[in-house]
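Trainee: Below you'll find the structure I mean.
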Amino acid sequence: MSNPDHPPAVGVPFPPGFLWGAATAAYQIEGAATEGGRAPSIWDTFSHTEGRVVAGHTGDVACDHYHRMPSDVRLMAELGLKSYRFSVSWPRVQPGGSGPANSEGLDFYRRLVDELLGHGIEPWLTLYHWDLPQPLEDAGGWPARDTASRFADYTQLVADALGDRVTYWTTLNEPWCSAFLGYGSGVHAPGRSDGADAVRAGHHLMLGHGLAVQALRAARPQAQLGITVNLYPVTPATDAPADIDAARRIDALANRFFLDPVLRGSYPADLAADLRQVTDFGHVRDGDLAVISTPLDLVGVNYYSRHVVAAPVAGADPEPYRRAPSCWPGSEDVRFFTRGVPVTDMDWEIDAPGLVETLRRVHEEYTDLPLYVTENGSAFVDAVVGGQVDDVDRLAYFDAHLRAAHEAITAGVPLRGYFAWSLLDNFEWAWGYTKRFGMVRVDYDTQARIPKSSARWYAEVIRRNGLAAQ
Ligand code: FCB
């Protein structure tokens, strides 16, 4: 920590008004799974199914944020956050997935937004962070076209309730994960494994996004609307043409599957060719791509790491987690590498230059729209020593990625904000509570919050609107 009387000079200043924030998601922090009229989502069903989540963890209690919201917002204010990105739980505000709103559920978000505004914190609302109401999954889930219309109806309910006080809206969080982990590999809820269903899910998620943008635009013309995608640079392991082709295939599935329809109004031709054995894209109807590419005001990018890939080796057994069922339909046999560089507790390579590459690509190849890093962060094993957590690894990760963000700005990227993932340690999906991403430690026995060193450091970065010279 720097000496507060003599802080190092700000060598890396960010643009005035840069939106410094932190992010969370409803199922990962709220708990209160059966309170206030909330009904099960696919993540309740999935986490309560034996063998799906490490150690049988569920989001039933999580960080108990539903009950602790006012003090959590006070904590955000103490850290000086300019913005807070949260998600609305669909099964809390529309428990059946269709029909009328549950006013008690909406009231929770009204109170949250009022509390944020009262502390001068800009609310950033994500409509869908993976918690599909279970009745909609029972009716076919995202592979069913009707789910897109249900999402638009739900969006209308939230817009009616919160549109007067929320400016920033993102529709979906990481549709790749919903589609390809939820319906492809099945490691996320609802845990189904069918390549064609995963592709259909991806399309209907984007259709739902487009319909939701149209509904929001009509209801709230002044709102700032966007989507959050998780992007990865994809690097071939060698210069061999077969490895370069493997990288092209994974880039198509991971990145261009979403970027092209949303920002260009078309699917990439090579993606359709790669998926020939999986689907004929017969689920795409005339006019869908026009809806999907409804103009936006911003694009949210979640960045964690890079993929390094190589061509399949004839007869070789793919790594266990890449075996079918796979999240890479049609490209199941592409090999994924780790290069021996430092990794986080998720085994994800730490690659800050990849953030520069990713932001520049979106800006230079796709759009002039303002960009926001809507998630970036790392899991590490933390030690509590004398009631403190000195998370030097996480702090270094944030520092390196913020320097990368600054480099992207210098290169001309209109990057307007950055949200650390995450404010709190929380329910890390299939990993349960075993992975800690928070800047603030959560003691799950007592629900005590302990700001880690990274949180105090981040507060200082925000206060000075920049980083110290290196
Ligand atoms: C992203 C998710 C977020 C969190 C981080 C670690 O894929 O959007 O909920 O799990 O990864």
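Each reported figure results from applying straightforward, stated rules to the coordinates on display, with no laboratory input. None of these values were measured; they are calculated from a predicted model. Virtual Cβ from ideal backbone geometry, glycine too; neighbours counted across all protein chains shown.
Trainee: Given N residues in the stretch 358-470, what is Rg(Cα) / (2.2 N^0.38 Å)?
Mentor: Scaled against compact globular proteins, the figure is 1.18.
Trainee: Can you work out the FRET efficiency for the pair A448 and E50, with r the C-beta to C-beta distance and R0 = 35 Å, to the nearest 0.05?
Mentor: 0.70
Trainee: Please give the direction-averaged projected area of the C-alpha convex hull for the stretch 39-84, in square nanometres with one decimal.
Mentor: Value for the stretch 39-84: 4.5 nm².
Trainee: If one computes P(r) from the Cα atoms of the stretch 91-178, what percent of pairs lie at distances over 18 Å?
Mentor: Summing the P(r) of the stretch 91-178 above 18 Å gives 45 percent of all pairs.
Trainee: How big is the Kirkwood radius of the stretch 324-387, worked out from every pair of different alpha carbons and given in Å to one decimal?
Mentor: The Cα-based Kirkwood calculation yields 15.4 Å.
Trainee: Using only helices, what value at 222 nm comes out for the chain when you add -39,500 (n - 2.57) per DSSP H run of length 4 or more and divide by the total residues, to the nearest 500 deg cm²/dmol?
Mentor: Roughly -10500 deg cm²/dmol at 222 nm, from the helical runs in the chain.
Trainee: Report, in debye and to the nearest 20, how large the dipole of the chain comes out about its Cα centre when Lys and Arg carry +1 and Asp and Glu carry -1 on their Cβ.
Mentor: Dipole of the chain, to the nearest 20 debye: 720 debye.
Trainee: Let me ask you something else. Kirkwood-based Rg over Rh for the stretch 61-106 (C-alpha set), two decimals?
Mentor: 1.08
Trainee: While we're looking at this one, here's another question. Taking the mean number of other Cβ atoms within 10 Å as a proxy for protection, how do you rank 277-289, 191-203 from highest to lowest?
Mentor: 191-203, 277-289
Trainee: As I understand it, the dipole of the stretch 127-274 uses +1 on the Cβ of Lys and Arg and -1 on the Cβ of Asp and Glu, about the Cα centre. Which of F180, H204, I227 lies farthest toward its positive end?
Mentor: Checking the options against the dipole of the stretch 127-274, the answer is I227.
Trainee: While we're looking at this one, here's another question. Starting from the Cα gyration tensor of the stretch 124-237, take the square roots of the eigenvalues, sort them a ≥ b ≥ c, and report rounded, prolate or oblate (rounded when a/c is under 1.5, otherwise prolate if a/b is larger than b/c, else oblate).
Mentor: It comes out oblate by the Cα gyration axes.
Trainee: Report ³J(HN,Hα) in whole Hz for each residue of the stretch 363-377, in order, from the Karplus equation J = 6.51 cos²θ - 1.76 cosθ + 1.60 where θ = phi - 60°; Gly and Pro get x.
Mentor: Rounded to whole hertz, the list is 5, 7, 9, 10, 7, 8, 4, x, 10, 9, 7, 8, 7, 6, x.
Trainee: Report the dimensions of the stretch 275-320 along its three principal axes from the alpha-carbon atoms, largest first, rounded to Å.
Mentor: If we take the Cα atoms of the stretch 275-320, the spans are 44, 32, 16 Å.
Trainee: While we're looking at this one, here's another question. Would you work out which of S83, Q277, S98 lies farthest towards the positive end of the dipole of the chain? Charges go on Cβ: Lys and Arg +1, Asp and Glu -1.
Mentor: Towards the positive end, the residue furthest out is S83.
Trainee: Then there is this: Enumerate the amide H contacts of L467 below 5 Å, restricted to partners 5 or more residues apart or on another chain; note that Pro and chain-start residues carry no placed amide H.
Mentor: HN-HN under 5 Å from L467: G11, V12, F14.
Trainee: I need the P(r) histogram for the stretch 211-294: all alpha carbon pairs, bin width 5 Å from 0 out to the longest distance, whole percents.
Mentor: 3, 13, 17, 20, 17, 12, 8, 6, 2, 1, 0
Trainee: For K435, K452, what's the fewest-to-most ordering of other Cβ within 10 Å of each Cβ?
Mentor: Going from sparsest to densest Cβ surroundings: K435, K452.
Trainee: Going by amide H atoms built from the backbone, whose H comes under 5 Å of the H on N230, apart from near neighbours?
Mentor: Amide H neighbours of N230, under 5 Å, 5+ apart: E174, W176, N302.
Trainee: Principal axis extents for the chain, Cα atoms only, whole Å, descending order, please.
Mentor: 63, 54, 44
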